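Asks: Starting off with a structure, shown below.
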Amino acid sequence: MSSPRTRILSLNLGSQSIELAEFRARPDGGLILHGYHTRELLVDPAEGMQHAQVANALREMLDALQIKSGNVNYAIAENLVFTRFVKLPSIEEEKIEQIISFEAQQNVPFPIDEVVWDYQVVGGSAEEQVEVILVAIKADLLEEINETVEATGLRTSIVDVATMALCNAFRYNYGDLKGCSLLVDIGARTTNLLFIEPAKIFCRSVPIGGSSITSAIAKEFDEPFSAAEFRKKRDGFAKLVGVGTAPDDVVRVSEIVRGTMTRLHAELMRSINHYRAQQQGSALERVFLSGGCASTPCLREFFHEKLQLPTELFNPLRNVAMADSASLSEIVKSAHLLGEPVGLALRTANECSMKLNLRPARVVRRHQFEKQRPFFVAAAACFIFGLLTLGAYYARAAQVIRHITEQMQQKVDTMRVAEAQIDKLRKQVAAHDSVAGPLIAAINDRSFWVELLEELNARLPKEDIWITELIATSGGKPVGVDERRSAEIASDLAPSDTPRGKATATSAEPSIDGILGRGLYLFNPKQQEVVVDYFRSLTVSPFFDVNPSKQSDVIEPTVPNNAEWAFPYTLKVKLRRPMKLP
């Protein structure tokens, strides 16, 4: 068997028969028939399509062809579809779809949201009227049919109309014919008339078919529909004038067949006149017969006699190759039924003129998803690749981090040993500092007074002033003098001399916090300003806490007079760093 990927399955769902064919596409766009099976559904037309019976018959044919699943193109009987030819004015191509959508709402006899519809431009040019064929089917009916087909394991690819599939098959096999040809497809419930020209097509359905004959025979002989169908196939023929005698039953059946075909001929003539007058069609040059009733004996001769035109059976396999696996006996016997399967297969293998597709909404969504599937797969692959890349990156990063962490841990362990040694040395240093601290303090204190005196002397103006006495104070009291001298000095110390926020003499740790100095300044041109200059220089000293705005708290000069040559002044300053008393 060939690969399932190159296989094309065609399914024709007729009113009283279904045909399933398996094709392979040739590189040149042609077809090779690999297998074909047909099943009759003997159902009274009044009962409608029996979906369970169709599904069972389809499973049997799939088993016979050794097919489990696959995509299928199937055709719906014309009597289930609403078809209308509409002529539109010459318009721009991009506006055709909008106008056709409006025309569909006006012409389809159902709410537009309850049907599945499609259209095909079948004639006209930019300068002429555009002719469009509209087809529509009830959405719920189509869904039932599609569920029946897909319940067998098949997946819907194309949903066509039987007449359009026949048109594609005819143009593929008889594309060399010129002029107008009439294809009469006599089915079970309807007869489809296809007027086909090289650049034009028109179709019309007549409610007369094989079931009309069977129903008339069942009524005539008062027997079930299935028995009447068997009698029709056994005894029926389109009896011609001059035929010899035959059994009464055969004559009665043939009269019914001929009467039905006569009515069909009358409808056919009306359709021809309509096509010539209303559709501006060309005169007929030939007639082809197809469908289940096309095999009725003498039918070709009947229409040749009535129409006076060349009449022959339509051969849908004229340009179709046959594989060795095909059953020639069954194919030859059913060649008149293969028009629709061939036309359906051509939709996949070749470029067809009729491209109607009545897919259910669910199938459309599935096809759209399948078209987008490569992008989804690519996106998923990119996403997974990204995750793998991130995973590899983070795995590598984790490995590097572990390696660096191990190296750092070794360094940390080494530094912890050094830290322990440093802590031990710190403790030793602290112990030595506790011993050396008092010694250092004593050394610093020893030089403090020398530095203090140097600071006082350095900031003393160079001329006309000098210091005669310096006394240390603690909490506003002189230190290091006897009581008598202390009483004399106390008069020069005011209450404000006590340092703010510092401990008084009653403090637990008494200290030297100030200096009391006395001195003289000479009679000079600047007079007491020389003492004021001394005060200003002390405000920036690092040893003394002097407030520049409180001159009187620090130095009290004596007002000079003409009787003396030198005048006393008093110096009271606070130390920035008090010294502990020895």
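Asks: Give me the helices (runs of 4 or more DSSP H) completely within the range 260-362, filtered to those with at least 2 residues that are over 55 Å from the mean Cα position of the chain (by Cα), ordered by residue number.
Replies: Values: elements: 299-307, 328-333, 339-349.
Where helices (runs of 4 or more DSSP H) fall fully within the range 260-362 and carry at least 2 residues being over 55 Å from the mean Cα position of the chain (by Cα), they are 299-307.
Asks: What is the residue count in the range 315-333 for residues that are among the β-branched types (Val, Ile, Thr) and out of contact with any strand residue (DSSP E or B) (no Cβ under 7 Å at 6 or more places or on another chain)? Outline the logic, then answer.
Replies: Residues of the range 315-333 that are among the β-branched types (Val, Ile, Thr), as a first pass: 320, 331-332.
Then drop every residue that is not out of contact with any strand residue (DSSP E or B) (no Cβ under 7 Å at 6 or more places or on another chain), which leaves 332.
Total meeting the criteria: 1.
Asks: Assuming Phe195 fulfils every condition listed in (1) under 46 Å from the mean Cα position of the chain (by Cα); (2) on the phi < 0 side of the Ramachandran plot apart from one, which condition is it?
Replies: The single condition Phe195 does not satisfy is (1).
Asks: With (1) more than 30 Å from Ala323 (Cα to Cα); (2) out of contact with any strand residue (DSSP E or B) (no Cβ under 8 Å at 6 or more places or on another chain) as the list, and Asn56 as the residue in question, which single condition is left unmet?
Replies: (1)
Asks: All but one of (1) touching a Gly at 6+ places or on another chain (Cβ under 7 Å); (2) over 26 Å from Phe302 (Cα atoms); (3) aliphatic (A, V, I, L, M) hold for Ile158, so report the exception by its number.
Replies: Status for Ile158: all satisfied but (1).
Throughout, read-outs are computed from the coordinates displayed, never taken from laboratory work. Computed from a predicted model, the values in this text were never measured in an experiment. Counting neighbours? That spans all protein chains shown, and the Cβs are built from the backbone with ideal geometry, glycine included.
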